[in-house]
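Asker: Mind having a look at this structure? Questions to follow.
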Amino acid sequence: MNELENYVLPGLSLLPTKMDTLKARAHLLAIGFQESGFENRKQIGGPARGFWQFERGGGIHGVLTHPSTSAIITDVCKRLVVPADIDICYGLVAYHDALACCFARLLLWTLPRPLPGKDDVEEAWSQYIMAWGPGKPRKETWERCYRSAWTMVET
């Protein structure tokens with residue numbers, strides 16, 4: 001399975017071209033590996049949905065209402081003929097991978113710092129924690145996820 005080609009690139013193609021960078025691709029892959037391993041579309045024992053594990057009142061609400069992302073996600077939804085509605089988007093991100101990727105990229109867009117580079121594992125972890133706010137962070141798996149993601153985007 002090529003997560004980059006199947007999940008990340010289709011989503012990034014729906015966003016402004018400035019949002020599609022190697023750093024963005026790597027970070028999106030790393031978070032997908034960390035959150036779901038690109039295996040679980042619904043959180044086991046929890047409310048999160050999609051490979052990036054969004055919650056209705058968390059990332060979905062945040063992206064739809066944040067000043068720097070609301071117009072962009074509304075445009076994406078319009079082009080996908082999807083209402084830019086919290087409940088509808090929450091339901092769809094479990095199975096609409098391109099839309100889920102758009103939400104993930106836009107959630108990263110809300111952060112005040114530039115995305116980290118290949119060797120800045122700690123900054124990448126910090127940004128993941130800031131944006132996702134995971135209930136049970138697993139730092140012990142992050143470096144492997146991040147390094148694997150960079151290997152994928154550089155080959």
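The values are calculated or read from the model by the stated rules, or taken from the named source; none is laboratory data. Everything numeric in this text was worked out from a predicted model, so none of it was measured. Counting neighbours? That spans all protein chains shown, and the Cβs are built from the backbone with ideal geometry, glycine included. Heads up: the accessible areas ignore ligands, DNA and RNA and are worked out on the full protein's heavy atoms, side chains in. Shrake-Rupley method; radii C 1.70, N 1.55, O 1.52, S 1.80 Å.
Asker: Among the numbered criteria (1) within 18 Å of residue 11 (Cα to Cα); (2) open to solvent by less than 20 Å² (accessible area, probe 1.4 Å), which one does residue 145 miss?
Answerer: (1)
Asker: Has segment 83-92 got at least one residue that is open to solvent by less than 20 Å² (accessible area, probe 1.4 Å), over 25 Å from residue 143 (Cβ atoms) and at pLDDT 95 or above?
Answerer: Checking segment 83-92: at least one residue is open to solvent by less than 20 Å² (accessible area, probe 1.4 Å), over 25 Å from residue 143 (Cβ atoms) and at pLDDT 95 or above.
Asker: Tally up the residues in segment 76-92 that are of a type outside the set (Asp, Glu) and under 10 Å from residue 56 (Cβ atoms), please.
Answerer: Total meeting the criteria: 4.
Asker: Here is a further query. What are the residues in segment 47-70 that are more than 14 Å from the chain's Cα centre (by Cα) and either crowded, with 24+ Cβ neighbours inside 10 Å or touching a residue at least 40 places away in the same chain (Cβ under 8 Å) (or both), if any?
Answerer: Answer for segment 47-70, where residues must be more than 14 Å from the chain's Cα centre (by Cα) and either crowded, with 24+ Cβ neighbours inside 10 Å or touching a residue at least 40 places away in the same chain (Cβ under 8 Å) (or both): 66, 68.
Asker: While we're on this one: Counting just the residues of segment 17-46 that are surrounded by fewer than 17 Cβ atoms within 10 Å (Cβ to Cβ) and of a type in the set (Val, Ile, Thr), which one comes out nearest to the chain's Cα centre (by Cα)?
Answerer: 21
Asker: Would you confirm whether or not segment 34-52 contains a residue that is of a type in the set (Ser, Thr, Tyr) and more than 26 Å from residue 122 (Cβ to Cβ)?
Answerer: no
Asker: So which pairs qualify, if the first residue must be in segment 127-155 and under 17 Å from residue 107 (Cβ atoms) and free of Cβ contacts under 8 Å to residues at least 12 places away in the same chain, the second must be assigned to a helix (DSSP H, G or I) and open to solvent by less than 80 Å² (accessible area, probe 1.4 Å), the Cβ gap must be under 7 Å, and the two must be at least 6 apart or on different chains?
Answerer: Sorted first by the residue in segment 127-155, then by its partner, the pairs are 137/129.
Asker: Would you say residue 8 is aliphatic (A, V, I, L, M), under 19 Å from residue 113 (Cα atoms) and part of a helix (DSSP H, G or I)? Give the derivation first.
Answerer: On the way: aliphatic (A, V, I, L, M): yes; under 19 Å from residue 113 (Cα atoms): no; part of a helix (DSSP H, G or I): yes.
Judged against the criteria, residue 8 is not a match.
Asker: On to the next question. Tell me, which residue of segment 93-121 that is within 17 Å of residue 32 (Cα to Cα) and charged (D, E, K, R) is surrounded by the most Cβ atoms within 10 Å (Cβ to Cβ)? Full working, then the answer.
Answerer: Filtering segment 93-121 down to residues within 17 Å of residue 32 (Cα to Cα) leaves 93-109, 115-116, 118, 121.
Pick out the ones that are also charged (D, E, K, R) and you get 97, 105, 118.
On the way: 97: 21, 105: 26, 118: 16.
That would be 105.
Asker: Tell me which of these residue 14 doesn't satisfy, since it passes every other one: (1) open to solvent by less than 50 Å² (accessible area, probe 1.4 Å); (2) touching a Gly at 6+ places or on another chain (Cβ under 9 Å).
Answerer: (2)
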